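One structure below.
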Amino acid sequence: QADAKEGTPRNLFGFKDGTVNPDVKSEKQMNEHVWVQPGDGANWLQNGSYLVVRRIQMFIEVWDRTNLKEQENTFGRYRDTGAPFGQKNEFDKLDLNHKQPNGEDTIPVDSHVRLSHGDGSQQILRRGYSYSNGMDLKTGSFDAGLLFLSFQRSPSKQFIPIQKRLSKMDKLNEYISHRGSALFACLPGTNQGGFIGETLFM
């Protein structure tokens with residue numbers, strides 16, 4: 001659902017979803033992370049993008065029985081502010097080297113934010129939309145969750161490496177299941193007098 005102050009939307013787990021994104025107002029960042037560049041591959045997709053769509057079921061009943069500390073440890077963020085552990089504000093930079101007094105990592109090694117971030121070089125332009133589709137008759141649980149959308153310049157260099165990290169030890173995997181995935185090539189825009197897809201005929 002949308003944040004009351006029109007900030008980053010929250011998912012059905014109650015956490016802000018989509019905090020880390022390239023700056024859409026920065027041509028440099030968009031060219032680096034979102035728009036297909038010359039030499040990346042097929043010329044007809046230059047200035048277009050790749051769209052990944054995933055349908056992610058969220059096990060809300062299990063999540064709701066989990067205490068707040070465990071929920072926050074799963075994401076590596078505070079639920080109220082969206083700030084990463086050790087920081088105060090949602091958009092504060094992650095400090096993956098910060099340690100607690102007992103020597104443990106402040107941001108857990110199996111937390112979603114740590115694993116999705118990696119070294120910070122693989123960014124995607126992402127947005128999640130909550131869905132609810134009644135009951136899953138096979139499991140008896142709610143069929144509800146997140147419709148995940150992300151745009152990226154190169155799925156093989158951005159989305160796939162992120163997913164490989166998340167697949168190994170992401171604690172969030174205990175509470176979600178991916179039900180469907182698709183990858184689309186999104187054609188570039190066009191100038192006045194042109195048409196979408198004209199690059200296929202050049």
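Worth pointing out:
- Shape call, the range 128-170: gyration tensor on alpha carbons, a/c limit 1.5: oblate
- Convex hull (Cα only) mean projected area of the range 3-115, reported in nm² to one decimal: 9.9 nm²
- Helix-derived mean residue ellipticity, 222 nm - over the chain, DSSP H n ≥ 4, -39500 (n - 2.57), to 500: -4500 deg cm²/dmol
- Efficiency of FRET between residue 200 and residue 102 - r from beta-carbon atoms, R0 45 angstrom, step 0.05: 0.15
- Spin-label pair residue 177/residue 26, simplified geometry with 7 Å Cα→Cβ offset, distance in nm: 3.9 nm
- Loop-located trypsin sites (Lys or Arg not before Pro) in the range 132-202, at most 16 other Cβ atoms within 10 Å (DSSP): 138, 157
- In this simple spin-label approximation, residue 167 and residue 95 carry label points 7 Å from Cα along the Cα→Cβ vector, and these lie 3.4 nm apart.
- Helix 159-169 axis versus longest C-alpha principal axis of the chain: approximately 20°, rounded to the nearest ten.
- When you filter the chymotrypsin sites (Phe, Trp or Tyr not before Pro) in the range 150-202 for DSSP loop state and at most 15 other Cβ atoms inside 10 Å of their Cβ, you are left with 195.
- Tensor-based shape of the range 104-162 (alpha-carbon gyration tensor, a/c under 1.5 rounded, otherwise prolate or oblate): oblate
- Order by protection proxy (mean Cβ within 10 Å, highest first), peptides 67-76, 89-98: 67-76, 89-98
- Using the Karplus relation 6.51 cos²θ - 1.76 cosθ + 1.60 with θ = phi - 60°, the per-residue 3J(HN,Hα) values for the range 9-24 come to x, 9, 8, 6, 8, x, 9, 4, 10, x, 5, 8, 9, x, 6, 5 Hz, with x marking Gly and Pro.
- With the simple spin-label model, which puts each label point 7 Å out from Cα in the Cβ direction, the residue 70 to residue 185 separation comes to 4.6 nm.
- Cα centroids of the range 149-202 and the range 24-71: 6 Å apart.
- When a 1.4 Å probe is rolled over the protein heavy atoms, the share of accessible surface on the chain that falls to carbon and sulfur comes to 52 percent.
- Accessible area (Å², per residue) of the chain, counting only protein heavy atoms and a probe of 1.4 Å: 60 Å²
- Fraction in percent of alpha-carbon pairs per bin - 5 Å, the chain: 1, 7, 13, 17, 18, 16, 11, 8, 5, 3, 1, 0, 0, 0
The values are calculated or read from the model by the stated rules, or taken from the named source; none is laboratory data. As the structure is a prediction and not an experimental result, all values here were calculated from the model. Methodologically, a virtual Cβ is constructed for each residue, glycine included, from the backbone with ideal geometry; neighbour enumeration extends over all protein chains shown. All accessible areas refer to the heavy atoms of the entire protein, side chains included, with ligands and DNA or RNA removed. Shrake-Rupley method; radii C 1.70, N 1.55, O 1.52, S 1.80 Å.
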